[in-house]
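Following: one structure in structure tokens, then a few remarks.
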Amino acid sequence: MSSGEVLPQGAGYGVVVGIGLFFSAFMVGLTAIQARYTGFSPKNSEEFSSASRSVKPGLIASGIVSAWTWAATLLQSSAVAYRYGISGPWWYAAGATVQVLLFAQLAAKLKLNAPYAHTWLEIVGARWGTAAHLIFMFFGLATNLIVSSMLVLGGSATVTDLTGMSTIAACFLIPLGVSIYVVVGGMRSTLLCDYTHTTVLFAIILTFAFTVYATSGSIGSIRHMHYLLSEVSQVTPVVGNAGGSYLTLRSENGLIFGVINLIGNFATVFQDQAYWQRAIASRPSTTVKAYLIGGVAWFAIPFAFSTTLGLAAVALSAVPAANSSSQDPLSSNFTPLLAPLSQAAISEGLPASVAAATLLGQSGAAALLVLLFLAVTSATSAELIAVSSILTYDVYVRYINPEATEQQILRMSHAGVVIFALVMGIAGVIFYYIGVSMGWLYTFMGVILGSAVCPIALCITWKKASKVGCVGGSLVGLAAGIIAWLVTTSTLNGKVINVTTSGGNYEMLAGNLASIGVGAIVSTAASLIWPEEYDFTSTRAINNNSVAVASNKVGGEPEETEDEKKVPETSVSSVVNEAPFDNELDPVALDKAFKFAARASVVLTLVLMILIPLPLFFAQTIYSIAGFSVWVIVGIAWAFLSAFAVVLYPLWESRAALRMILRGLIKDIFSPGSGKYVVPSSVKESGA
């Protein structure tokens, strides 16, 4: 059964265009309500780019979950479940969760060392000058481009597979509707949209889970899923798995994917302005809390989803083994509903779509289409506002118009959204025509981006970090990663280098390890041998008139200092209000938050990456029905708890704002015009 025959082509256009425009209209309406009844207006550049740095932890956590849920989260996680069995969901989820948890440390240091920055690149520029700023801007924009290309490629491939819609049209139409509400509402609109998408996301994922494991006539129970996976393991065993079974964590290729996943996703979190943007928008006192909640909650999405549809795609292709001894009462007289998928189809992330379409027909295909569209558009909105901020503050204000007015900055922010929406579509089409899939890009991103991970972290957190060492480590690591990737590809494939041969596990593993490893070693070693003594005075002064710009770098080059004088990082402060002292920016409290983030994130990382999976890997256990039942039930329960954390908790913490909006609406109904928010006189007098 081809999933491409399930829905008509019009359904694809209906979802991509219709739902996209609906959400745009919905978010435009929410933005208007927000501006009228709360006083937050996206006509202010600070509100547009950073939501006035006032967002509470629940909404930030929901935004993190939404921004980190790409097309790859749903499609690639199911693909690795299809390839490697139950180890795939764990290594995908754990390997992409720890970065968000560890990023909590950077978020705490951001609030301590650069509380009024708009982008992480502003911090690099303030500390190390123009040359470093431009080099790291390459890594930052490359990250956004690769992430956006994966979003467009994964989304368009599945829309095309389910509906027959033109892939080219999907590449351009997917960012279209998103750009409308981002331009109108800015960062706060993006977070509200993230919350809406996350709510629907969990509802559909849980629906699929209960369908597969409780109500489906084809599977319908954990016991029968276990039986079908056991049968497939006997007929077509998984190479590198204990006993060739899909029901074991002893998977060599699964472990290799886990390492690749871990490295690549460090790059796409630490270098993606979208995650810094949420830290910037967060209230200082709750930033760490938001990232820890968001990271733990996100784990459930790929784990539960791929344990459901990824394994279902395997189970639905089951053929009874000739020597089967199973006594499963549902095992007699069945035939496979799915033919085995090609490697190309798996790389495009299609196991989830064919499983959904086979199990639920048109309703399953439609639900997956909506789910995927929401995931793609929410992550797309995060990328659009992120790149818009970089183009505005790190290109336009820093290099083109340092004395930009408020309106000029706002216009550039809007233009940046539109420009990158077009770039996303063009990049998706280019990768499509040269034969690069979402899966290939996903494993390749660490080769290009991994070398800058450690240098960026050192820049934000360590006063002794060396400019020469960190910039050099990024460049040398990039070269090492590409060389290791190409040499390994040539060696293992008879000197044949193309998209197919270069995408293997060992080829990508070599490139990923060389890139992040060399970058980390060079930057750390150079900083220990030739340390700087930097007190972050100039980064704390970014966009803050109340702090004098100063730099006490030791060993910095004189010409860089002159560049900094010519293009001051605090130039944008002339068009924003002087930042009053914020009690939440108390250095002692923020330092405590950083230490808590360090302890909590490191402990959670050890649990997810070592203490749970490695003992199970070395035990070579093939799970019985009882063991597999625990595995599935934990995944579903985790999804429920995550939904409470990022769907219900944000409503509770925003109850005062919701009451304010409700009061304003009621006043306007009974006395038109009386409900509009009025700035308190005390605030007006203070000039805030």
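Readers should treat all values here as calculations from the given coordinates under stated rules, not as data from a laboratory. Predicted, not measured: the structure shown is a model, and the values here were computed from it. When we count neighbours, we look across all protein chains shown, and the Cβ atoms used for this are built from the backbone with ideal geometry, even at glycine.
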*With all distinct Cα pairs included, what does the Kirkwood hydrodynamic radius of the chain come out to in Å, to one decimal, could you say?*
25.7
*asked:* With an 8 Å Cα cut-off and a minimum separation of 6 or more residues, compute the relative contact order for the chain in percent.
replied: 27
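Just the ratio, please: alpha-carbon radius of gyration of the stretch 53-114 over 2.2 N^0.38 Å, N its number of residues.
Compared with the compact-globule rule of thumb, the stretch 53-114 sits at 1.40.
How large is the direction-averaged shadow of the alpha-carbon convex hull of the stretch 387-492, in nm²?
9.7
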*As a check on your grasp of the helix formula, calculate [θ] at 222 nm for the chain: sum -39500 (n - 2.57) over DSSP H runs of n ≥ 4, divide by the residue count, round to the nearest 500.*
-22500 deg cm²/dmol
*Please list 428-440, 525-537, 284-296, 223-235 highest first by mean number of surrounding beta-carbon atoms within 10 Å per residue.*
284-296, 223-235, 428-440, 525-537
_Relative contact order of the stretch 82-240, please, whole-number percent, based on alpha carbon pairs below 8 angstrom and at least 6 residues apart._
10
*How far, in nm, would the chain grow between D591 and L422 when pulled straight, counting 0.36 nm per residue and subtracting the alpha carbon separation?*
56.7 nm
